[in-house]
Ligand SMILES: *Cc1c(COP(=O)(O)O)cnc(C)c1O
């Protein structure tokens, strides 16, 4: 992309999300990279065909490159980004993964196992001893941190370093944190993946995924997976996601502030048994998160007193907060995770995940408080 790479790299991240991924500064150049609607290109250039590349993808890729500190490829969803990485694994790989990660990922892992293409060592990724004990003989580690929806935090600097030393390929699902909060590639991971659907695009109106890597050979292999797998992003969706990314740092700052305040107030709520949020000083993951993360994110989970029925009733009783899945948008959403049959057995059935948005904190609190109180009426 246009602007000088070294100059943009020298900026603070609040400026980078605004300045990156724009066209060259030449007279009458558009400020934004246009939505490039074409299936093919005139011969003689570097792109060649619409499945191989697109300027609208490239603009967003070059912007995420700064956030994640690695060359980036876009995919049409977070799941297609994860699948592209898993496609690189040789047959009979031994995979280390969270026993309660994102449901989509759990489905991929179970499918790899049931078709005898890989073996999976399911662990608690926040238990460093358990993680390190799983490393000998393994070939790939897939680390989600913080985990969805239990908000467990892995000791990324430690476990990535040990896994790399033992020769494993390491990938991190960075969706809950984004590159603004942590940069897994700088801890030595081979891949950092984002569901761009969530915080980066930020408005619950587009699905998109990304994979970043510092390794040129892995980058080229992933590019081939995309080229020949054929799962390519749309130019319009790429443009929308980049438009959303312009406000990522503002949105995340506000949403994190709201999440922290909600976590504190919910800790004292009579209808809540437990709050999970690494920002709370009482949270078991707080110290570790504070040691290497630049924030605690905008997602928290609560165990609702009164079990499944009470949790469902609360989710159905909110008026500002929407009862829906997904996260990372400007609007606050919540849901009882076990309404999905694919949710891990290790997640409590009364756990409600709250994806905090940027609304006024008092409006949010009033709504969540009244919804929770309906459960004991
Ligand atoms: C949503 C999500 C995904 C999947 O992304 P899609 O864009 O929905 O395909 C992967 N990992 C995590 C942690 C997520 O929250």
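Only the coordinates and a few stated rules stand behind these numbers; no lab work does. All values derive from a computational prediction rather than experimental measurement. Using ideal geometry, Cβ is built from the backbone for each residue, glycine included, and neighbour counts are taken over all protein chains shown.
Would you mind computing, in nm to one decimal, how far apart the modelled labels at residue 363 and residue 268 are, each placed 7 Å from Cα along Cα→Cβ?
2.4 nm
Measure nothing but the geometry: give the 0 to 90° angle between the long axis through the Cα atoms of 156-165 and the longest principal axis through the Cα atoms of the chain, rounded to 10°.
Taking the Cα atoms of the chain, the angle to 156-165 is about 50 degrees.
Between residue 92 and residue 376, what is the spin-label point distance in nm, taking each point 7 Å from the Cα along the Cα→C-beta axis?
That separation, rounded to one decimal, is 5.8 nm.
Between the helical axis of 216-229 and the dominant principal axis of the chain, each derived from Cα atoms, what acute angle in degrees is found, rounded to the nearest 10?
Helix 216-229 and the main axis of the chain meet at about 90 degrees.
On full extension of the chain, what length is gained from residue 128 through residue 42, given 0.36 nm per residue of separation minus the C-alpha to C-alpha distance?
Stretched fully, the residue 128-residue 42 segment lengthens by 25.7 nm.
At a Förster radius of 45 Å, what calculated FRET efficiency corresponds to the Cβ-Cβ distance of residue 165 and residue 205, to the nearest 0.05?
The calculated FRET efficiency here is 0.60.
Between residue 11 and residue 243, what FRET efficiency follows from the Cβ-Cβ distance if R0 is 25 Å, with the result rounded to 0.05?
0.85
Of the listed peptides 77-88, 157-168, 44-55, what is their order by residue-averaged count of other C-beta atoms within 10 Å, with the highest listed first?
Those peptides, ordered most packed to least, come out 77-88, 157-168, 44-55.
Identify the residues of the stretch 181-207 with backbone N under 18 Å of a label point that sits 7 angstrom from the Cα of residue 331 along the Cα-to-Cβ direction, or state none.
197-207
Normalised by the number of residues in the chain, what is the relative contact order in percent for Cα pairs under 8 Å and 6+ residues apart?
16 percent
Per residue Cα convex hull volume for the stretch 5-245, in cubic angstrom?
Enclosed volume per residue, from the Cα hull, is 131 Å³.
Nearest 10 degrees is fine. How inclined is helix 248-267 to the longest principal axis of the chain, computing both from alpha carbons?
Helix 248-267 and the main axis of the chain meet at about 20 degrees.
How much length, in nm to one decimal, is gained on full extension between residue 186 and residue 290, taken as 0.36 nm per residue of separation minus their Cα-Cα distance?
Length difference between fully extended and current span is 35.7 nm.
Tell me the label-point distance for the pair residue 24, residue 49, using the 7 Å Cα-to-Cβ offset, in nm and rounded to one decimal.
Label at residue 24, label at residue 49, 2.8 nm between them.
Report, in whole Å, the centroid distance computed from the Cα atoms of the stretch 210-225 and the stretch 255-297.
Result: 35 Å between the Cα centres.
Percent relative contact order of the stretch 211-356, based on C-alpha pairs within less than 8 angstrom and at least six residues apart?
19 percent
Over the stretch 93-233, what is the relative contact order in whole percent, taking alpha-carbon pairs under 8 Å and six or more residues apart?
Reported as a whole number, the value is 17 percent.
Round to the nearest 0.05 the FRET efficiency obtained for residue 341 and residue 231 when R0 = 25 Å and r is the Cβ-Cβ distance.
That pair, residue 341 with residue 231, gives E of 0.50.
Just to be sure I follow: if Rg is taken over the C-alpha atoms of the stretch 150-232 and Rh is the Kirkwood radius over the same atoms, what is Rg/Rh?
1.00
For the chain, what does the helix formula give at 222 nm: sum of -39500 (n - 2.57) over DSSP H segments with n ≥ 4, over the residue count, nearest 500 deg cm²/dmol?
Rounded to the nearest 500, the figure is -11500 deg cm²/dmol.
Can you tell me how much longer the chain between residue 320 and residue 117 gets when fully stretched, taken as 0.36 nm per residue apart minus their C-alpha distance, in nm with one decimal?
Working: separation 203, 0.36 × 203 = 73.08 nm, distance 4.54 nm.
Full extension of this stretch gives 68.5 nm more.
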